[in-house]
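The values are calculated or read from the model by the stated rules, or taken from the named source; none is laboratory data. Bear in mind the structure is a predicted one, so any value in this text is a computation, not a measurement. Neighbour counts are summed over all protein chains in view; Cβ atoms, including those assigned to glycine, are modelled from backbone coordinates with ideal geometry. When the accessible area is computed, the model is the full protein with side chains, heavy atoms only, and any ligands, DNA or RNA have been set aside. Shrake-Rupley method; radii C 1.70, N 1.55, O 1.52, S 1.80 Å.
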Amino acid sequence: PSGVPARPPLPSTAAVAPPPRDRRAGSVRTALSPGAPPAEVRRQVQAGEGGAGDRAGADFRQPGHDREAYGSLVDNPFRRPADTPLSTFSIDVDTASYSNVRRMLRQGRRVPPDAVRIEELINYFDYAYEPPSGDEPFSVNVETGGCPWEPAHRLVRIGLRGQDVDLDMRPATSLVFLIDVSGSMNQANKLPLLKESLRLLIDRLNADDRIGMVVYAGAAGVVLPPTYCDEKQTILDALDRLSAGGSTNGGEGIELAYRLAAEHFIEGGVNRVILCTDGDFNVGVSSQGDLDRLIEEKRTSGVFLSILGFGHGNWQDDRMETLSNKGNGNFAYIDSLREAKKVLVREMGGTLVTIAKDVKVQVEFNPAKVAAYRLIGYANRILAAEDFNDDTKDAGEIGAGHTVTALYEIVPPGAPLATGSVDPLKYQKAAAATAEAASGELMTVKLRAKAPDGDVSKLIEHPVVDRDAPLAQTTSDFRFAAAVAEWGMLLRGSEYRAGATYEQVLDLASPGLADDPHGDRAEFLDLVRRAQSVQR
């Protein structure tokens, strides 16, 4: 139309041919030939839509082939405010742990405790938090109630809701897909599912958005220089041509993808590298530290890294989570086409558009009201108290429309608590309580966050008073979040699970089905029942 400035041409990028496939791969060419996947492979990929996605690739689950690895998680202990008055952590909107746990339960496998990050189970679900007002990037919502697994204790739910963004008005997007095409991706729930998943996202992008593709295996190469999405068929054709074979050179691929993203950077836009892999990085950048430093350096340029995980057998969960955290991006595990629709279509704004970065929470507890407290989950997200005011310390990001939830279990004064003790201090005495300790406040929630392109954080403070509501008088959302946390403690075999039972989880969660437009909460009940039999 007249009056509309011409779209700038894209810088030229010399395309590098895809790496040659390992001839030892044998059946790779047949199983993943160019074009649409064969009918049987496509059937297995689509099976995830009906909840049977666990069957895809099940032949890979054999002794000697399972190289899945999970980082050690230790549940946060109870702390006394007199000793540790501040609890500080980085927020987390990742959901990979939930869908990975779902995959294992559907396969009839016991879930390793270290695969269960309780905050990611809780944050898999949406909650009806009040939206932010004015220009605030997110709102703060707090609710208190009885603790279901320990009736003598209290439970506090802190909820953040990100500002919604009209997807038709969102900034232009430049995405570089970094796609693993190594031989280990030759499973129906890996490369074929990956291709079907990316199709869903590509179909939702606007004409002024750009897509580039880099593959890595024995070598890394550009199979699609960044291309405007009004040429969708060109993009989809490049996607269809991908096939699996060879060993993995993930580090070299990341360097190439970042180089491409930098050459086609959109000022004021969304710039991301999206790594799609089964987690098998075994060649490339010389060390984990070098890879971490590379990704940390690139995030300062405004190019963030998100990770989409696929399949099983090679899944390096801890490593993938660490990389996404270093890259200021999201971390999701795609076990079915239904999950791909959730992450890449329903939650597209939150997945692509960051509205606040380096979001930290610090809670100060009133010792007059709190004998002890415990943060549920976030075991690998704990920060030092002094990190809260330090704007050089990295923390989590919130995407458009995202909700973030954290739960604290509170021990009221006088309630029994079996914890260790230390000898009285020789050189100092406990600090005296201030006048505010008599205010009736339970705690104060403080948050710091930066604008997506900012370097200085903004402080928000929110005092909390416990109205002593019993569990039965809390919202159904509160009880549902508590149910998911209780389920996570049961899966982990947590020493803090007290009187938790699967039956109680089902009772708590069931009222939450009244608001379940996508069936996520109904699916949760099915997983709880599966866990009852699998985890015994």
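Assorted remarks:
- Failed condition for Cys229, given (1) more than 28 Å from Arg338 (Cβ to Cβ); (2) modelled with pLDDT of 95 or more: (1)
- Condition met for Ala152 (open to solvent by 40 Å² or more (accessible area, probe 1.4 Å) and under 21 Å from Lys369 (Cβ atoms)): yes
- Scanning region 480-515 for residues that are buried (at least 16 other Cβ atoms within 10 Å of the Cβ), free of Cβ contacts under 8 Å to residues at least 24 places away in the same chain and not β-branched (Val, Ile, Thr) yields Leu506, Ser510.
- Scanning region 416-449 for residues that are part of a loop (DSSP other than H, G, I, E, B) and either hydrophobic (A, V, I, L, M, F, W, C) or under 33 Å from the mean Cα position of the chain (by Cα) (or both) yields Leu417, Ala418, Thr419, Val422, Leu425, Ala430, Ala431, Ala432, Ala433, Glu441, Leu442.
- For the residues Pro452, Pro463, Pro413, the requirement of being open to solvent by 60 Å² or more (accessible area, probe 1.4 Å) and assigned to a loop (DSSP other than H, G, I, E, B) singles out Pro413.
- In region 516-525, the residues that are open to solvent by less than 60 Å² (accessible area, probe 1.4 Å) and without any contact (Cβ under 8 Å) to a residue 60 or more places away in the chain: Asp516, Gly519, Ala522, Leu525
- Residue check for Arg479: outside any loop (DSSP other than H, G, I, E, B), modelled with pLDDT of 95 or more and in contact with a strand residue (DSSP E or B) (Cβ under 7 Å, 6 or more places away or on another chain): no
- When we screen Leu175, Leu167 for residues that are modelled with pLDDT of 95 or more and over 30 Å from Leu407 (Cβ atoms), the only hit is Leu175.
- Condition met for Glu503 (under 21 Å from Phe78 (Cα atoms), modelled with pLDDT of 95 or more and not small (Gly, Ala, Ser)): no
- Qualifying residues in region 308-346 (those that are basic (Lys, Arg) and open to solvent by 10 Å² or more (accessible area, probe 1.4 Å)) - the one modelled with the lowest pLDDT: Arg319
- Taken over region 155-207, residues that are touching a Gly at 6+ places or on another chain (Cβ under 9 Å), open to solvent by 10 Å² or more (accessible area, probe 1.4 Å) and not hydroxyl-bearing (Ser, Thr, Tyr) amount to 15.
- Among the residues of region 347-382, the ones that are modelled with pLDDT of 95 or more, open to solvent by 30 Å² or more (accessible area, probe 1.4 Å) and either in a strand (DSSP E or B) or within 30 Å of Gly268 (Cβ to Cβ) (or both) come to 2 in all.
- Residue check for Thr405: touching a Leu at 6+ places or on another chain (Cβ under 9 Å), surrounded by 13 or more Cβ atoms within 10 Å (Cβ to Cβ) and either aliphatic (A, V, I, L, M) or in contact (Cβ under 8 Å) with a residue 40 or more places away in the chain (or both): yes
- Residues in region 482-503 that are in a loop (DSSP other than H, G, I, E, B) and in contact with a helix residue (DSSP H, G or I) (Cβ under 7 Å, 6 or more places away or on another chain): Gly493, Tyr496, Arg497, Ala500.
- Test: residue in region 273-290 that is assigned to a helix (DSSP H, G or I) and either of a type in the set (A, V, I, L, M) or within 22 Å of Ile91 (Cα to Cα) (or both): no
- Selection of region 209-249 for residues being out of contact with any helix residue (DSSP H, G or I) (no Cβ under 8 Å at 6 or more places or on another chain), of a type outside the set (A, V, I, L, M) and in a helix (DSSP H, G or I) yields Asp230, Glu231, Gln233, Thr234, Asp237.
- Of all residues in region 74-103 being part of a helix (DSSP H, G or I), of a type in the set (S, T, N, Q) and touching a strand residue (DSSP E or B) at 6+ places or on another chain (Cβ under 6 Å), the one that is nearest to Trp315 (Cα to Cα): Asn100
- Restricting region 161-206 to residues that are charged (D, E, K, R) and part of a strand (DSSP E or B), the residue that is farthest from Ala219 (Cα to Cα): Arg161
- Selection within region 62-119: residues that are under 18 Å from the mean Cα position of the chain (by Cα) and small (Gly, Ala, Ser). The member of this set that is modelled with the lowest pLDDT is Ala69.
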